[in-house]
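The structure under discussion appears below in the form of structure tokens.
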């Protein structure tokens, strides 16, 4: 049923039905069958309002007279966006003209005043009413600012003109007090003038600027004689605003909303392009070299069966997808939203934004991508009427401060406002170039058409997108257009990048075909009395270490251990540990680390998975592990046998291809996975790493502080020191956990270098000096820590997954941003896109590590290994799953993980493994684990709220401490999206007990006011003081309501910008306290004066706009 005039007009427009008013008669023209019974009934019932609309009268004669006229959704969106903007003036719309001839300033002022009088949107102020922000029309006078700079030199004139244009364009408007149009006239000489105009976007759009420019020229030509020759506008913008509010209740609006919900379901909240420097200001400007394509863009689009917008959407979408390493891209575009002729001459903010999602998955050809884009653009334009801001409020997507929701990259076609050249009353009017405004979007592609030529450029925020990425996009997009149009059936991955990709690798190395221990044996022969190992008060010379390792090797051989076997090591940290590791190698076997610091159950899984038939231990009760022979070296049974063994070499010759060790990392299935590393891999590390450590002063006979657990591959760096005559100082577990004691121990022992994780390095820096040289690795180094380490010197950052044998790259930690440096000798590192192709410098992608350090694979899991270990042209590569890029100097920079795997205190953890263990516990139905601070946080579903803490306690005996979540949130059910998948963005923020984390504001009057207001807004009891309101389900309109309520109840002018700046209860409380002059003053104000509402007749928000929909 056609229930409203808006329904009727939209339905008629879709079916091609046209209406014409002939006197008092209504004429309808259409194709046969277009007017069915329902439409005919609607025309009959709505005849009077339809005729009123066609006559140019307000169409809201159909509306209830009590229905208020309000800000349109577009205006409300601009109001909120302007409040949250990172720079003032971002939502100004400047346009300027050069005037040639004898200009009359008084006439100019009268003409502009006539424009203000004609168009109510320019003099409609935005004020706070009882129910929300409202528009108040006022009879405001415009004062033309005049400046005479004719006496200045030409150089000085240009400087003054540029400054005036910038000030006119960037000065903020006070929407509550200012006329929303300002004008300035500068006299350059008697016949040369500059006419500067600027309006706020809440009152105008680009089309409006053309209306104003053309009407000004006509008025000036008529000498502003009361607007002669200009018909009064048929409608006001407020008519459109009221109409649109009513349209939102129509079936057509519901249909369009359903389309957008479906289209944007599971869309990425943000683009994946590399961000710029935090805090950077200004703008990035870069032109695209379209070449000949600029002259024939329209024709090229037509030949491809597309519009220019479709062509640009496909090309920019493909470029963003490749540069960001994502297959799902959402770009934005604008539509005029003036689909009815009655609004073509109305000044106001009609423009609407539409989200254009593009599926780049499957490596499509450019021709296929154009077809995908064409379908998406056509569908979006057919649903363009639904207000973007309203859509945002209903979808409530994840937000980021001062960034556009749903999309942050725009395509702006015909990027100009106002008209070009005019002549009126012997005055020539020519457009002046627009002043660069602060970017509203993270990035915008501007395309301007002049005749048959298109020019294009990109503007971007330097804090949101790295300048190198903008430069790459400016080359890649024209390249994809040219190559894609020339070869429409070729997959995008085969079209290249349009720029050369430089191949890089570390220097080649030559390795002996031997075991790692061979070098240590040579040291024992050359320097038998030199100190090799020190643990507490016990020291072993090289001869003693070699002798002890030989006895262990003979003992293992006597127990049936052969070359290629695997032996478990279950030892505490003391002098026996390096001897056992060497002894296993000397026996021809490899070892698997079973660090007693880890839970027994997990170690049992590792032992079972590895297939090790023996376990070497000391002073320990044997865990209940089946299938392995327990060798307790200093027990009554085994100690005599060990002493009876020869101290000479067992004579087993190890090869480089022999297995050296198996280390276990976290596995996504809930079971850890074992990484197999050969001797040649470790020798490869030795050849690449040791020369680089010379920068730290590390050389032969170095004193190495052995810090890392032998279950962590960083421990192998210390073992290598024994190949150079160094002393391995074994830290006890107690020392490792006490930074102050550790530093004292290191100083007393003469430790020169030690391996640490970034987390531990931070603790050591806080503990004081002196610090030995540091080899830092295991997780990303935060910028603050990098700066602190750089200031003290003698530290390197090493990067490398366990699968590539400890370290693949090394960076000297020096002043500048964090990075992971360059590949070690013999190592190749490439940054590749989703198709496995190398990317240009600056583009993030997956890090591939190749060369002699790449391990054998995953023990007993060939299917998993085949996906991660790949062979190409004789080179073995490991796909790290890490995301990185090269900076402008060619250094590698770690960006993050491609999957959910995270680093916790230097250890790789699969949250899925932790979740699997939680799900094993009684009473837990579902579990999900996420990163939290420097650890993890768990979410579980359970009937009994106590089950969560019980499960957390239970997994402490199953998982290592670094894998145990810091806390748990018990939910009745997991939040799901429409596909039935977990909606991570809707998981509540982790909340610790208030007593330990201080997440409540307290009971002072001001604090209670804030927490009560937020609780009412969110519909909850109790408020986490530090939880982001957006993350808890609030949206910008809700924050507007909150600002109004708090302003009324305190009498303080709390603006929207403050809430966007501080969207937490604590932040809002602090903003109010600052306005009040302190917390004490705020408490005194609570319950006092109410904010005054202006006495004018105002138009409030309708209940339609203020309702929060579920």
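Derivation of every value follows stated rules applied to the coordinates shown; laboratory data play no part. Worth saying up front: this structure is predicted, and the values here are computed from it rather than measured. Ideal geometry is used to build each Cβ from the backbone, glycine not excepted, and the neighbour counts take in all protein chains shown.
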- Task: Compute the long axis of helix 154-170 from its Cα atoms, compare it with the longest principal axis of the Cα atoms of the chain, and write down the angle in degrees, 0 to 90, nearest 10.
- Result: 80 degrees
- Note on the structure: Note to self: C-alpha centroids of segment 680-725 and segment 302-332 sit apart, in Å, by 49 Å
- Rg to Rh quotient for segment 531-671, alpha carbon positions, Kirkwood Rh: 0.96
- Wrap a convex hull around the Cα atoms of segment 91-176, take a quarter of its surface area, and give that in square nanometres. 7.1 nm²
- Task: For the chain, find the longest principal axis of its Cα atoms and tell me its angle to the long axis of helix 679-692, 0 to 90°, nearest 10.
- Result: 70 degrees
- Query: Got a sec? Which residues in segment 680-708 would a label at residue 767 touch, if it sits 7 Å along Cα→Cβ and we count backbone N under 17 Å?
  - Reply: 704-708
- Förster radius 51 Å - calculated FRET efficiency between residue 1016 and residue 732, Cβ distance, rounded to 0.05: 0.35
- Item | Relative contact order of segment 73-239, defined on C-alpha pairs under 8 angstrom at six or more residues apart (%) | 34 percent
- Spacing of the two label points (7 Å from each Cα toward its C-beta) at residue 629 and residue 286, in nm: 6.5 nm
- Message: Please compute the modelled spin-label separation between residue 51 and residue 574, points set 7 Å along Cα→Cβ, answer in nm with one decimal.
- Response: 10.6 nm
- Message: For Cα pairs less than 8 Å apart in space and 6+ apart in sequence, what is the mean separation divided by the residue count of the chain, i.e. the relative contact order in percent?
- Response: 10 percent
- Item | Cβ crowding within 10 Å averaged over residues, with 864-873, 118-127 ranked highest first | 118-127, 864-873
- Query: When the distances between all Cα atoms of segment 651-723 are binned every 10 Å from zero, what whole-number percent does each bin get?
  - Reply: 17, 42, 31, 10, 1
- Message: Kirkwood Rh and Cα-based Rg: tell me the resulting Rg over Rh for segment 787-845, rounded to two decimals.
- Response: 1.04
- Message: From the P(r) of the chain, could you give the percentage of C-alpha pairs in the tail past 55 Å?
- Response: 32 percent
- Query: With each pseudo-label sitting 7 Å past Cα toward Cβ, what's the residue 378-residue 790 distance in nm, one decimal?
  - Reply: 5.4 nm
- Query: Among bridges DSSP assigns within the chain, what percent are antiparallel (round to 5)?
  - Reply: 70 percent
- Between residue 986 and residue 920, what FRET efficiency comes out of the Förster formula 1/(1 + (r/R0)^6) with R0 = 35 Å and r the beta carbon distance, rounded to 0.05? 0.85
- Task: May I ask you to list the residues of segment 280-300 whose amide nitrogen lies under 18 Å from a point 7 Å from Cα along the Cα→beta-carbon direction of residue 450?
- Result: 286-298
- Note on the structure: Rounded to the nearest whole number, the Stokes-Einstein translational diffusion coefficient of segment 230-367 at 25 °C and 0.890 mPa s (Kirkwood radius, C-alpha pairs) in µm²/s is 131 µm²/s
- Query: Quick one: Cα centre-to-centre distance for segment 857-916 and segment 503-533, in angstrom?
  - Reply: 28 Å
- Assuming R0 = 35 Å, can you tell me the calculated FRET efficiency for the pair residue 748 and residue 600, based on Cβ-Cβ distance, to the nearest 0.05? 0.50
- Message: Bin width 10 Å, origin at 0, all Cα-Cα pairs of segment 73-239: what percent of pairs per bin?
- Response: 9, 37, 34, 16, 3, 0
- Summing -39500 (n - 2.57) over every DSSP H run of at least 4 in the chain, dividing by its residue total and rounding to the nearest 500, the 222 nm mean residue ellipticity is -10500 deg cm²/dmol
- Compute from the Cα atoms of segment 178-282 the Rg and the Dmax, the latter being the longest Cα-Cα distance, and quote both in angstrom. 22.0, 61
- With Cα coordinates, the longest principal axis of the chain makes an angle with the long axis of helix 73-84, in degrees rounded to 10, of 50 degrees
- Give me the number: length gained by fully extending residue 562 to residue 341, i.e. 0.36 nm times residue separation minus the C-alpha to C-alpha distance, one decimal in nm. 70.6 nm
